[in-house]
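Sending over a structure as structure tokens; questions will come in a sec.
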Amino acid sequence: FTSNALSSEADILGDFFEATLGTEFKQSKGQFFTHKHIASFALRLAGLGGSAAKAFEQQGPARWPRIIDPSCGSGTFLVEALRQVRDSARAFKAQPGVQLSRIQEEALCRLDDDSLTHNWANGLFYGIDAHQDLGLGCKVNMLMHKASAMQIFTRDALSKLPSSIPSGQFDLVASNPPFSVTLSPQERNELKGDYTLLQGCASDSVASEHLFLERWHRDRKS
């Protein structure tokens with residue numbers, strides 16, 4: 001089971017949730033799962049394949065990207081991001097003629113060993129999901145891939161976030177936001193002060209995914 005989880009293709013829990021959650025649940029809760037190949041493609045477009053080269057651009061310790069998926073589901077984006085950052089380190093290390101310092105060698109070795117994944121990945125991969133079962137599934141998925149589950153939170157990603165989520169400190173927001181979720185007038189009123197889209201005269205027509213994009217555009221590093 002663990003061997004399958006650590007393979008380059010497997011997303012066991014993602015496949016499980018996609019197969020078992022019914023269409024009615026997906027449509028009523030705005031849950032539309034992202035296939036792992038689409039997640040992989042999107043993250044490569046975002047440049048995660050070059051994470052190692054970017055990590056060593058400046059002197060001092062390597063700085064790996066901090067990534068969040070605020071509608072993480074079972075963790076497809078996070079698991080794929082974990083793989084791509086790790087694989088970038090292995091590819092960087094294998095380049096012919098590359099000259100590495102002792103500090104760089106040590107940093108790359110940490111990413112080259114699956115048993116050390118928890119050590120280097122801790123504090124880098126964050127996930128949020130409003131659905132308790134999916135939040136738990138994402139935690140299990142991260143643990144299966146030998147990463148920390150401490151940064152996976154079950155809460156509404158549109159609401160005010162706890163201090164344990166470093167707002168404005170993420171290098172990449174990678175997500176498939178919940179679409180067409182109906183917000184009650186009370187919910188819209190509670191969120192109004194935090195979203196410019198809700199402060200116009202046509203706020204009733206603002207879709208949940210638009211609020212999601214406004215919120216997480218602000219919480220990404222400028």
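The values are calculated or read from the model by the stated rules, or taken from the named source; none is laboratory data. No experiment lies behind these values; they were computed from the predicted model shown. Cβ atoms come from the backbone with ideal geometry, glycine included; neighbour counts cover every protein chain shown.
Checking V140 against (1) free of Cβ contacts under 8 Å to residues at least 60 places away in the same chain; (2) out of contact with any strand residue (DSSP E or B) (no Cβ under 9 Å at 6 or more places or on another chain); (3) of a type in the set (V, I, T): exactly one of these is not met. Which one?
(1)
Quick check on D133: is it of a type in the set (D, E, K, R) and in contact (Cβ under 8 Å) with a residue 40 or more places away in the chain?
Against the criterion (of a type in the set (D, E, K, R) and in contact (Cβ under 8 Å) with a residue 40 or more places away in the chain), D133 does not qualify.
What helices (runs of 4 or more DSSP H), lying completely within region 127-222, carry at least 2 residues that are modelled with pLDDT of 85 or more and of a type in the set (G, A, S)?
Counting at least 2 such residues, we get 132-144.
Just give me the residues in region 47-64 being closer than 25 Å to I165 by Cα and either surrounded by 20 or more Cβ atoms within 10 Å (Cβ to Cβ) or of a type in the set (A, V, I, L, M) (or both), in sequence order.
The answer is L48, S51, A52, A55, A62, W64.
Separate question: Of everything in region 66-79, what is outside any helix (DSSP H, G or I) and either on the phi > 0 side of the Ramachandran plot or surrounded by 20 or more Cβ atoms within 10 Å (Cβ to Cβ) (or both)? Give them in sequence order.
I67, I68, D69, P70, S71, C72, G73, S74, G75
Name the single residue, out of those in region 38-55 being part of a helix (DSSP H, G or I) and without any contact (Cβ under 8 Å) to a residue 24 or more places away in the chain, that is farthest from V173 (Cα to Cα).
Of the residues in region 38-55, the ones part of a helix (DSSP H, G or I) are 38-45, 48-55.
Then keep just the ones that are without any contact (Cβ under 8 Å) to a residue 24 or more places away in the chain; that gives 38, 41, 45, 54.
Working: I38: 15, F41: 15, L45: 13, K54: 17 Å.
So the residue we want is K54.
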